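Working notes, structure below.
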Amino acid sequence: MKKGLEKTRKGITEKVDNVLKSYKKIDEELFEELEEILITADVGVNTTLKIIEDLKDKVRERKIEDPSEINNLLKEEITELLTDYETNNKLDLEPAPAILLVVGVNGVGKTTTIGKLAHRFKSEGKKVLVAAGDTFRAAAIEQLSEWCNRAGVDIIANKEGSDPAAVIFDAIQAAKARKADILICDTAGRLHNKKNLMNELNKIFRIVDREYSEATREVLLVLDATTGQNAIMQARTFKEACNITGLALTKLDGTAKGGVVLAVQSELKVPVKLVGVGEGIEDLQDFDPNNFVDALFSE
Ligand SMILES: Nc1nc2c(ncn2[C@@H]2O[C@H](COP(=O)(O)OP(=O)(O)O)[C@@H](O)[C@H]2O)c(=O)[nH]1
Ligand SMILES: [Mg+2]
């Protein structure tokens, strides 16, 4: 986590340190500089304003005068923000059988995340099946097959251009027949035709309701952390169409703007469950708010 957050740490914590060092007393200007750092790191305007307000309250209540103490207050505030409501940041795939539907726009890292998850579940001794529900491009099916090969799990796929809901239907029958513990479903993410995409997803969800209602269901929205506030907009769109139960934030390794973790979770009230910190098969971590904050504020 620490390595994956390297850039964000430089983008937030180091800058905060520098600002705090340059002040002898706590004043409005200091808070303005902190505000700017957070907004630049994609924490989001609303979330940033909340953090700053709470910081000011704490400074007042505790009669804090030394700027260097603000660092700990900020850490405390971010921890509270990430744990302030009934969140469960763990993937919930028990009891078996479980179905994990992975949604999100093209390029965010759905297929990669599925590959990493398939590998993880398989290593845990689970029987995993993957469904190639992104039938829009042949390359997408091939890419997923490669990941499944690497992870050593079976894939259910059909031809390019075939009906995604039909692939999910077939995969559910196969999951039942083979007694799979977890069925992971890839989906297409062409957001340029939002209405079609949402119809396609609805159709998939109807199939799952009808054919696999007994399965524990998790709906994971994948967001690319490097796209900042755009990720929040995508999340709003997908929330309208399906019941998202968790977020996976990818490419955290490639951005100084990992503050988006705070923004998505606090503004959308959907827990971040996974973070992607690289392109390798092991580069996926469970999101733990306390670890995240520790990594962010580590020396
Ligand atoms: N650095 C980095 N790259 C990632 C991560 N997750 C995915 N990618 C890359 O993002 C690109 C798009 O990923 P892909 O899984 O094909 O996205 P999809 O269109 O949503 O299925 C690929 O080049 C991946 O290697 C991550 O956590 N870190
Ligand atoms: Mg894909």
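Results, tabulated for the structure shown:
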{"item": "Residue count, region 75-88 (criterion: open to solvent by less than 20 Å² (accessible area, probe 1.4 Å) and of a type outside the set (A, V, I, L, M))", "result": "1"}
{"item": "Residue count for region 232-253, restricted to those that are of a type in the set (D, E, K, R) and either open to solvent by less than 10 Å² (accessible area, probe 1.4 Å) or within 16 Å of ligand 1 (Cβ to nearest atom) (or both)", "result": "2"}
{"item": "Among residues of region 198-230, those that are assigned to a helix (DSSP H, G or I), away from ligand 2 (no atom under 16 Å from the Cβ) and closer than 19 Å to Ala132 by Cα, counted", "result": "10"}
{"item": "Residues satisfying the stated conditions in region 124-137, i.e. among the hydrophobic types (A, V, I, L, M, F, W, C) and within 12 Å of ligand 2 (Cβ to nearest atom)", "result": "Val130, Ala132, Phe136"}
{"item": "Where Pro289 falls short, out of the listed (1) modelled with pLDDT under 95; (2) crowded, with 21+ Cβ neighbours inside 10 Å; (3) within 15 Å of ligand 1 (Cβ to nearest atom)", "result": "(3)"}
{"item": "Residue match in region 101-123 (condition: open to solvent by 40 Å² or more (accessible area, probe 1.4 Å), away from ligand 2 (no atom under 12 Å from the Cβ), part of a loop (DSSP other than H, G, I, E, B) and not hydroxyl-bearing (Ser, Thr, Tyr))", "result": "no"}
{"item": "Test set (1) among the acidic types (Asp, Glu); (2) within 16 Å of ligand 1 (Cβ to nearest atom); (3) open to solvent by 20 Å² or more (accessible area, probe 1.4 Å) - Asp154 fails condition number", "result": "(2)"}
{"item": "Close pairs (9 angstrom Cβ cut-off, 6 or more residues apart or separate chains): over 12 Å from Leu223 (Cα atoms) in region 251-277, assigned to a strand (DSSP E or B) and of a type in the set (S, T, N, Q) anywhere", "result": "Val277/Thr250; Val277/Gln285"}
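The values are calculated or read from the model by the stated rules, or taken from the named source; none is laboratory data. Please read these numbers as outputs of a predicted model, since none were measured by experiment. Because the Cβ atoms are built from the backbone with ideal geometry, glycine has one as well, and the counts that use them run over all protein chains shown. These accessible areas exclude ligands, DNA and RNA; they are computed on the full protein's heavy atoms, side chains included. Shrake-Rupley method; radii C 1.70, N 1.55, O 1.52, S 1.80 Å.
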